[in-house]
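Pasting a structure here, questions to come.
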Amino acid sequence: MDVLTRLAVMIGLLTVGVGLRRVGVLDATRVEWLNSVAFYVVLPALVFNSTYDKPLSEIVTPTLLVGLVGVLGITAGVGWLVHRRIDDDGARAAATVQSYHTNLGYIGLPVVASALGERAAGIGSVILGMGALVQIPLTVSILVAVTGNSRNFRSEVRRLATNPVLVALVIGLAVSRSPATVTGIPADVIALVAEAALPVALLCVGGSIQLQSMEADRSIVGPVLAMKLLVMPVVAWVVYAALGADLWTLRTAVVMFGAPAAVSTFVYVTEMGGDRRLASILVFLSTVASAFTLSAWIAIVP
């Protein structure tokens with residue numbers, strides 16, 4: 001699939017999801033059902049399919065893990081400094097976390113699997129799994145620090161232990177290390193479900209976006225989009241190049257961290273006392289814009 005085709009498919013599926021939400025086909029109940037299918041079935045299948053038959057040494061390396069922490073830490077720090085001028089705590093909280101908290105699962109990994117192939121998908125699965133362990137506590141901590149609302153901190157951290165993506169990653173890596181393997185019909189079924197990751201995820205993202213109004217302070221929206229879609233992948237490129245990462249890891253990291261703000265940030269911002277309207281707008285705009293920027297990063301990174 002070439003860049004222009006991939007761009008058209010991403011925008012098309014996202015638009016369909018938003019449209020179905022607006023006309024009531026994807027109501028709250030159906031969006032929740034679709035999200036459950038993506039979160040508990042399709043994404044775990046993609047993670048397992050990308051890891052179970054790959055040598056562990058090819059996808060889990062110290063460079064990959066150190067780089068991941070470095071990219072998230074640096075971008076979060078820059079975002080904190082860039083947005084410290086925002087007077088309203090709720091808006092500052094949303095802007096800060098949405099400058100780095102990446103949609104690694106619904107956008108990043110499916111795009112990597114579609115554009116870069118199975119080897120990159122294996123590396124991306126590790127970034128997704130380990131990224132959740134870093135992103136979620138970091139985001140909740142920043143929201144608590146900015147808004148002072150700590151009522152959901154413990155519950156969010158506890159949910160990490162039962163995250164189906166992490167469970168699928170652990171099982172996939174365990175199978176890759178064991179003499180056992182998955183072949184025949186089971187392997188074909190898992191691969192078929194994994195191929196549905198990108199369309200299901202994009203429909204889910206489109207159907208999950210809640211827009212009360214598109215009016216927002218451009219002095220906030222512009223920097224957040226620039227941080228998320230341009231600065232963060234550049235940081236990933238620099239960090240992984242400085243660590244001497246191989247080409248596969250470098251390309252995968254740039255594309256993964258070039259994904260838009262995660263839909264889950266809307267939930268975190270809302271629950272922790274941030275600006276929910278701004279958070280919704282930023283999710284929508286970053287997701288639409290990422291169709292163009294991700295296509296560019298795929299074409300640019302060697």
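At 1.4 Å probe size, put W297, W237, W33 in order of accessible surface, largest to smallest.
Largest to smallest exposure gives the sequence W33, W237, W297.
Here's another thing I want to ask about it. Using the heavy atoms of the protein chains alone and a 1.4 angstrom probe, what is the accessible area of the chain per residue in square angstrom? If you can, show how the numbers build up before the last one.
Working: 12660 Å² over 302 residues.
With the other protein chains kept in place, the chain gives 42 Å² per residue.
Can you list residues whose amide H is under 5 Å from T102's amide H, if they're 5+ apart or on another chain and H is modeled 1.01 Å from N?
Under 5 Å from the amide H of T102: A262.
For S57, what accessible area in Å² do you get when you roll a 1.4 Å probe over the heavy atoms of the protein chains, rounding to the nearest 10?
Solvent-accessible area, nearest 10 Å²: 90 Å².
Still on this structure: Among A180, A120, A279, which one shows the highest mean-square fluctuation when the chain is modelled as a Gaussian network with alpha-carbon springs under 10 Å?
So, out of A180, A120, A279, the one fluctuating most is A180.
Relative contact order, percent, of the chain when contacts are C-alpha pairs under 8 Å separated by at least 6 residues?
35
So which trypsin sites (Lys or Arg not before Pro) in the stretch 12-103 pass both tests, a DSSP loop state and at most 12 other Cβ atoms within 10 Å of the Cβ?
Listed in order of number, the matching sites are R84, R85.
Also, quick follow-up: How large, in percent, is the carbon and sulfur part of the accessible surface of the stretch 194-296 at a probe radius of 1.4 Å?
So the carbon and sulfur contribution to the accessible surface is 66 percent.
I've got another one for you. How large is the helix-only mean residue ellipticity at 222 nm for the chain, computed as the sum of -39500 (n - 2.57) over DSSP H runs with n ≥ 4, divided by its residue count, in deg cm²/dmol to the nearest 500?
Taking each H run of at least 4 residues, the total per residue is -23000 deg cm²/dmol.
Identify which of the listed values of volume of the Cα convex hull per residue in Å³ was calculated from the structure shown: (i) 122; (ii) 170; (iii) 200.
The value matching this structure is (i).
The values are calculated or read from the model by the stated rules, or taken from the named source; none is laboratory data. Predicted, not measured: the structure shown is a model, and the values here were computed from it. No Cβ is skipped: glycine too gets one built from the backbone with ideal geometry, and neighbour counts run over all protein chains shown. With ligands, DNA and RNA removed, areas are computed over all heavy atoms of the protein, side chains included. Shrake-Rupley method; radii C 1.70, N 1.55, O 1.52, S 1.80 Å.
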